[in-house]
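The values are calculated or read from the model by the stated rules, or taken from the named source; none is laboratory data. Nothing here was measured: the structure is a model prediction, and the numbers come from that model. Cβ placement follows ideal geometry from the backbone for every residue including glycine, while neighbour counts extend to all protein chains displayed.
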Amino acid sequence: MEVTIIVRRKRVFVQQPVAILDSGVGGLTVAKEVMRQLPLEKIVYFGDSLRAPYGPRPAEEVRKFTLQIVDYLLQFQPKMIVIACNTATAVALEEIRQLVDIPVVGVIHPGARAAITTTRNGQVGVIGTEGTILSGAYEKALKSISPSLEIIGLACPQFVPLVEQGLSGQEDTYRIVSECLQQLTESSIDCLILGCTHYPFLSSLISEVMGPNVALISSADETAREVSTILYHKGLLAKRIQKPVHQFLCSGDPELFRRIAEQWLNEEIKVNSVVWQVTRIG
Ligand code: DGL
């Protein structure tokens, strides 16, 4: 299957939305920060919950899914696209930047930069999906800025399904998190990048397991700061009198998505379901 994106050059208006995409609910961690830091921005959010998790999928498949979602989201005429998924950022960010004529932000560089400013001993941990860890994208981003860093990457494939099923608060979850992070608790890292946008849902457990001497870096916070900086510098910050009405779209169970999203965002939302047309991906 091949995906083509056709972009018509148009003027960009400040009231156009910011499009945010993820494999499921994980990108809501970025959306929540964007809503907090930029309360006048309207968001169109797409969660591909039907096909989550992306982490164990081959890179080429994740690339095609990501292009397909971007193609879909362009109908909302966004002024910016945020790939709020580390796995998708690792495989598709550069290509999407070449294909569209609006700013496209990923989640890897913002998280890497924050870790560099946070670490004191130069030993940084990164947790993410298999796809993200195998891609070495964080290692590349960190080393391109600070080559002497020591980096330990660890894939935590159990975490995303827990979050997608709405189980992040369950008792068993602590055991799963601590077993998965054991290698890191025995290391000397002083800073841990949550290299998957789903992981902030588990951040209090991760923090409990890692202890007070390890600072957690959420790429969600840093990415929202990057969105804010770019919109400001491009003169694209929204001007509104009233709070915008955001749009939430998902390809999976809209009810489950709504329940998790409302709990995370602390507000009532409406979720529209999107049924993928096979013809869209050729
Ligand atoms: N939340 C995504 C990430 O940041 C993807 C998780 C998944 O679908 O495996 O990598």
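With (1) near the ligand (Cβ under 9 Å from one of its atoms); (2) crowded, with 19+ Cβ neighbours inside 10 Å as the list, and residue 51 as the residue in question, which single condition is left unmet?
Looking at each condition in turn, residue 51 falls short on (2).
Of these, 237, 249, which one is more than 24 Å from residue 116 (Cβ to Cβ), modelled with pLDDT of 95 or more and outside any loop (DSSP other than H, G, I, E, B)?
Exactly one residue qualifies, and that residue is 249.
Hey, could you check segment 81-98 for residues that are of a type in the set (A, V, I, L, M) and outside any strand (DSSP E or B) and say which is surrounded by the fewest Cβ atoms within 10 Å (Cβ to Cβ)?
93
Quick one: would you say residue 129 is away from the ligand (no atom under 16 Å from the Cβ) and in contact with a Cys (Cβ under 6 Å, 6 or more places away or on another chain)? Write out each step before concluding.
Numbers: away from the ligand (no atom under 16 Å from the Cβ): no; in contact with a Cys (Cβ under 6 Å, 6 or more places away or on another chain): yes.
No, not satisfied.
Might you let me know whether segment 62-80 holds any residue that is in contact with a helix residue (DSSP H, G or I) (Cβ under 9 Å, 6 or more places away or on another chain), surrounded by fewer than 20 Cβ atoms within 10 Å (Cβ to Cβ), basic (Lys, Arg) and over 21 Å from residue 219 (Cβ atoms)?
Scanning segment 62-80, I find at least one residue that is in contact with a helix residue (DSSP H, G or I) (Cβ under 9 Å, 6 or more places away or on another chain), surrounded by fewer than 20 Cβ atoms within 10 Å (Cβ to Cβ), basic (Lys, Arg) and over 21 Å from residue 219 (Cβ atoms), so the answer is yes.
The conditions are (1) under 22 Å from residue 73 (Cα atoms); (2) touching a strand residue (DSSP E or B) at 6+ places or on another chain (Cβ under 8 Å); (3) free of Cβ contacts under 8 Å to residues at least 60 places away in the same chain, and residue 277 fails exactly one of them. Which is it?
Here residue 277 meets the rest and fails (2).
Looking at segment 149-172, which of the residues that are part of a helix (DSSP H, G or I) and of a type in the set (A, V, I, L, M, F, W, C) is nearest to the ligand (Cβ to nearest atom)?
160
Applying the selection to segment 252-265, what residues are in a loop (DSSP other than H, G, I, E, B) and either of a type in the set (Phe, Trp, Tyr) or crowded, with 17+ Cβ neighbours inside 10 Å (or both)?
Scanning segment 252-265 gives a single hit, 252.
Of the numbered conditions (1) more than 15 Å from the ligand (Cβ to nearest atom); (2) surrounded by 20 or more Cβ atoms within 10 Å (Cβ to Cβ), residue 139 satisfies every one except a single condition; which is it?
(2)
Report the residue count in segment 82-96 for those that are away from the ligand (no atom under 14 Å from the Cβ) and in contact with a strand residue (DSSP E or B) (Cβ under 7 Å, 6 or more places away or on another chain). Break it down stepwise before answering.
Just the residues of segment 82-96 that are away from the ligand (no atom under 14 Å from the Cβ), to begin with: 94-96.
From what's left, in contact with a strand residue (DSSP E or B) (Cβ under 7 Å, 6 or more places away or on another chain): 96.
Qualifying residue count, segment 82-96: 1.
Where the second residue is assigned to a helix (DSSP H, G or I) and buried (at least 18 other Cβ atoms within 10 Å of the Cβ) and the first is among the aromatic types (Phe, Trp, Tyr) and lies in segment 201-219, which pairs have Cβ atoms under 6 Å and are six or more apart or on separate chains?
Hits for this filter: 201/163.
How about segment 54-80: which of its residues are within 13 Å of the ligand (Cβ to nearest atom), in a helix (DSSP H, G or I), within 16 Å of the chain's Cα centre (by Cα) and of a type outside the set (Val, Ile, Thr)? Steps first, please.
First, pick out the residues of segment 54-80 that are within 13 Å of the ligand (Cβ to nearest atom): 54-59, 61-62, 65-66, 69.
Restricting the remaining residues to those that are in a helix (DSSP H, G or I) gives 59, 61-62, 65-66, 69.
Filter once more, so that each one left must be within 16 Å of the chain's Cα centre (by Cα): 62, 65-66, 69.
Of everything in segment 54-80, just one residue is within 13 Å of the ligand (Cβ to nearest atom), in a helix (DSSP H, G or I), within 16 Å of the chain's Cα centre (by Cα) and of a type outside the set (Val, Ile, Thr), namely 65.
Return a yes/no flag: does segment 97-110 have any residue that is more than 13 Å from the ligand (Cβ to nearest atom), without any contact (Cβ under 8 Å) to a residue 24 or more places away in the chain, touching a strand residue (DSSP E or B) at 6+ places or on another chain (Cβ under 8 Å) and more than 20 Å from residue 29 (Cβ to Cβ).
Yes, the conditions are met somewhere in segment 97-110.
How many residues does segment 121-144 hold that are among the hydrophobic types (A, V, I, L, M, F, W, C) and over 15 Å from the mean Cα position of the chain (by Cα)?
4
Within segment 173-225, how many residues turn out to be of a type in the set (Gly, Ala, Ser), surrounded by 21 or more Cβ atoms within 10 Å (Cβ to Cβ) and outside any helix (DSSP H, G or I)?
Selection size over segment 173-225: 2.
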